[in-house]
Amino acid sequence: FFESLIHPDDPFSFIQENYLDLENLIQGIEATNGVEFGLLFACQNCRQLIGYVKYIVDGSNASEKDIQRGDLFSGVDGIQLTIDNYRELLFGDNFSYTLNMVSVSNGTIVSNGKEVALTKQENFEINPIQVKKILGTANGKVGYIMYNQFVADKSTELNEVFGNFKEAGISDLIIDLRYNGGGSVNNCVALA
């Protein structure tokens, strides 16, 4: 029934079969290894994909491994990522897998021989405040916060960050929501 109501061009609506999974998602609790990534086609008119690391979640399994923002991977457990298999390899029920890392050399994607073994942690509570810092510039102090999800119970932590910004006397503020996929409307209102 739900699927019949969605407009073909709607990329935002979804249904969660298990309401407990949805409640955990809204509260920032999920099974994750801590690698937040994106996928791109490896070449024009091909089916191969390349993953790129957007960021690593603090306190996660990946935060203890040799992987960082900007790293590239082309496979999982020795299997090349394609448009046909990436969901199963990266989003399946497997809690442990190894990323096959690659580099770019002279405009060509090449294996660098590095492998990163990762394990998802169940019920991992992600802190949506990924980065908070004060930058000194020629024009004054700039507060910077990277906020990656609107999580229901994180308004107190947001208030602390903004209190620190105020105490430091910032003159400008950057709120980075590039990787924020939404979540709790109440928390969004608190941030506003």
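The table that follows gives values for the structure above.
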{"item": "Segment 54-148: proportion of alpha-carbon pairs further apart than 23 angstrom, %", "result": "40 percent"}
{"item": "Val189 - accessible surface, heavy atoms, 1.4 Å probe, Å² rounded to 10", "result": "100 Å²"}
{"item": "Estimated FRET transfer efficiency when R0 is 22 angstrom, pair Ala192-Ile134 (beta carbons, to 0.05)", "result": "0.55"}
{"item": "Theoretical ellipticity at 222 nm over the chain - DSSP helices of four or more residues, -39500 (n - 2.57) apiece, nearest 500", "result": "-5500 deg cm²/dmol"}
{"item": "Nonlocal amide H pairs with Ile6, under 5 Å, H built at 1.01 Å", "result": "none"}
{"item": "Ratio of Rg to Rh over the chain (Cα coordinates, Kirkwood Rh, two decimals)", "result": "1.01"}
{"item": "Residues of type aspartates and glutamates that Lys114 reaches as a straight line, Cα spacing below 20 Å, ignoring anything fewer than 8 places off in the same chain", "result": "Glu36, Glu64, Asp66, Asp71, Asp77"}
{"item": "Cross-link table Lys65/Lys133; Lys54/Lys154; Lys65/Lys166, entries beyond 32 Å C-alpha to C-alpha", "result": "Lys65/Lys166"}
{"item": "Residues in segment 96-119 reached by a label modelled at Ile79 [backbone nitrogen below 18 Å; 7 Å Cα→Cβ]", "result": "96-101, 116-119"}
{"item": "Apportionment of accessible area to carbon and sulfur, segment 54-192, percent (1.4 Å)", "result": "47 percent"}
{"item": "Per residue solvent-accessible surface (Å²) - segment 131-192, probe of 1.4 Å", "result": "60 Å²"}
{"item": "Residue-span extension gain [Arg69 to Phe14] - 0.36 nm each, minus C-alpha spacing", "result": "17.0 nm"}
{"item": "5 angstrom amide H check on Asp176, placed H, neighbours 5+ away", "result": "Ile145, Met146, Tyr147"}
{"item": "Three-way shape call for segment 134-184 based on the alpha-carbon gyration tensor, with the a/c threshold at 1.5", "result": "oblate"}
{"item": "Gain upon complete extension [Leu173, Leu5; 0.36 nm per residue less C-alpha separation]", "result": "56.5 nm"}
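The values are calculated or read from the model by the stated rules, or taken from the named source; none is laboratory data. Keep in mind it's a predicted model, so treat the numbers as computed, not measured. A quick note on method: Cβ atoms are made from the backbone with ideal geometry, for glycine too, and the neighbour counts reach across all protein chains shown. Note: accessible area is taken over every heavy atom of the protein model, side chains too, but ligands, DNA and RNA are not part of it. Shrake-Rupley method; radii C 1.70, N 1.55, O 1.52, S 1.80 Å.
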